[in-house]
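A.B. asks: Take this structure, written in structure tokens, and hold onto it; I'll ask about it next.
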Amino acid sequence: MGLTGTPLMVLSVLFTVLAMAAVVVLWPRVGARRLRSYAGRVGLLAVAQLTLLATIAIGTNSYFGFYGSWSDLFSITSGGTGTSTAAAAGAPITVNGTDGLAMPNGDERTKSGEVQDVTIHGLRTGLSEHALIYLPPQYFQPRFKNARFPAAIVSTGYPGDVTALVSRLRYPIRLATGIDTGQDKPMVLVMMSPEVAGSRDTECTNVPGGPQAETFWAQDVPDAVEQTFRVGAAAAGWGLIGNSTGGYCALKLAMLDSDRFGAAASLSGYFSIGEDPTTGDIYGNPAFQSENDLIWRLQNLPPPPVSVLLTTSKVGEDNYQPCLSFAADAKAPMSVSLLVRSQGGHNFTTWNSEIPVALQWLSSRLSSPPPQTPTI
């Protein structure tokens, strides 16, 4: 039984109802003033409270997509620091299969594209991560047989389930629809979770003496995709987009690795992060922590030649004032666009309303390599 499926939610609600019914039915039997009765009342209340809390936790996880499976919950993840057999053999990507996603134009990939389930192996870092890669319809059309496409890394928040990018935020469907209407240009989406080092929250940082997450995102992933699929290698053809932690990572990677990425969209992203039990010691010293503070970088280092989109809400989000400050501090060759809602929140409802605009913005700023002679 899956962690985010309807069966688990239904079962949890059923147990909660039964537990509360048990309190009502059995309470008279444990109403006497003796130790055994006291223990019985405590037990009934504890079971009822625990089942209710479990139901709330399951519903919250299903809505926000924190953990996608039991193995994710118990930190048995595909991410790690060891080099996999496939990576050691020189294969940067293992294709595990295709996702049977219901697309607007049916299952024909020349009309709807295709989602491939893959594992990306970092040949530099030894990190490996599960990813879903969306190839647009044009990728399979004969006249684009020799064409290479721009690409964007799409990231969830932390903790995050990569399948939520398909099922909850619907990136492939939104891009396919945008391509059909002429609002978006075809591009390849590399959808991932920031949990590339087990359950540790690296914040896409090259941790001193630890996992080199920034290198994995900025070098291993683009190189692996370029070697496996028909995408361009120039920074002008690579972008990033993500929500929450994924938004911070998108903006941070674009700023730190502008030789690899040309544009980034940060949805409800923040600009700095401290250390907590989920991160551990990811900085090592205050100077390195400052280098990972994006407003500090903007105020103290030359601006990188990238275009960025920041999304926020006047009411409901904590990043409203920081977004305004960041945009005010930005100078050429960096350009900053703002998408400001009057009201919103740090949730899927907000991000779902922002993604179509963000995809249109991103695809308009990524360039394709010079076209080769098309095959008719």
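A.B. asks: For the condition open to solvent by 20 Å² or more (accessible area, probe 1.4 Å), touching a residue at least 60 places away in the same chain (Cβ under 8 Å) and either under 23 Å from residue 263 (Cβ atoms) or polar (S, T, N, Q) (or both), what is the one hit in 352, 300?
C.D. replies: Among 352, 300, only 352 is open to solvent by 20 Å² or more (accessible area, probe 1.4 Å), touching a residue at least 60 places away in the same chain (Cβ under 8 Å) and either under 23 Å from residue 263 (Cβ atoms) or polar (S, T, N, Q) (or both).
A.B. asks: How about segment 310-320: which of its residues are open to solvent by 10 Å² or more (accessible area, probe 1.4 Å) and not charged (D, E, K, R)?
C.D. replies: Of everything in segment 310-320, those that are open to solvent by 10 Å² or more (accessible area, probe 1.4 Å) and not charged (D, E, K, R) turn out to be 315, 316, 319, 320.
A.B. asks: Still on this structure: Yes or no: segment 214-225 includes at least one residue that is out of contact with any helix residue (DSSP H, G or I) (no Cβ under 8 Å at 6 or more places or on another chain) and either at pLDDT below 95 or open to solvent by 40 Å² or more (accessible area, probe 1.4 Å) (or both).
C.D. replies: Checking segment 214-225: at least one residue is out of contact with any helix residue (DSSP H, G or I) (no Cβ under 8 Å at 6 or more places or on another chain) and either at pLDDT below 95 or open to solvent by 40 Å² or more (accessible area, probe 1.4 Å) (or both).
A.B. asks: Anything in segment 263-289 that is within 19 Å of the chain's Cα centre (by Cα) and open to solvent by 20 Å² or more (accessible area, probe 1.4 Å)? List them, or say none.
C.D. replies: Within segment 263-289, 270, 272, 273, 278 meet the criteria.
A.B. asks: What is the number of the single condition among (1) open to solvent by 50 Å² or more (accessible area, probe 1.4 Å); (2) hydrophobic (A, V, I, L, M, F, W, C); (3) assigned to a helix (DSSP H, G or I) that residue 327 does not meet?
C.D. replies: In the conditions (1) open to solvent by 50 Å² or more (accessible area, probe 1.4 Å); (2) hydrophobic (A, V, I, L, M, F, W, C); (3) assigned to a helix (DSSP H, G or I), residue 327 misses (1) alone.
A quick yes/no check of all residues on (1) of a type in the set (Phe, Trp, Tyr); (2) free of Cβ contacts under 8 Å to residues at least 40 places away in the same chain; (3) assigned to a strand (DSSP E or B):
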| position | (1), (2), (3) |
| --- | --- |
| 202 | no, no, no |
| 216 | yes, no, no |
| 219 | no, no, no |
| 241 | no, no, yes |
| 251 | no, no, no |
| 260 | no, no, no |
| 278 | no, no, no |
| 284 | no, no, no |
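A.B. asks: Would you point out which residue out of 192, 187 is open to solvent by less than 10 Å² (accessible area, probe 1.4 Å), at pLDDT 95 or above, closer than 24 Å to residue 257 by Cα and in contact with a His (Cβ under 8 Å, 6 or more places away or on another chain)?
C.D. replies: 192
A.B. asks: Run residue 46 past the list (1) modelled with pLDDT under 90; (2) assigned to a loop (DSSP other than H, G, I, E, B); (3) out of contact with any strand residue (DSSP E or B) (no Cβ under 7 Å at 6 or more places or on another chain); (4) of a type in the set (Gly, Ala, Ser) and report the number of the one that doesn't hold.
C.D. replies: Evaluating residue 46 over (1) modelled with pLDDT under 90; (2) assigned to a loop (DSSP other than H, G, I, E, B); (3) out of contact with any strand residue (DSSP E or B) (no Cβ under 7 Å at 6 or more places or on another chain); (4) of a type in the set (Gly, Ala, Ser) leaves (2) as the failure.
The values are calculated or read from the model by the stated rules, or taken from the named source; none is laboratory data. Model, not experiment: these values are computed from the prediction. Cβ sites come from the backbone with ideal geometry, for glycine too, and all protein chains shown count toward neighbours. The area values use the complete protein model at the heavy-atom level, side chains included, leaving out ligands, DNA and RNA. Shrake-Rupley method; radii C 1.70, N 1.55, O 1.52, S 1.80 Å.
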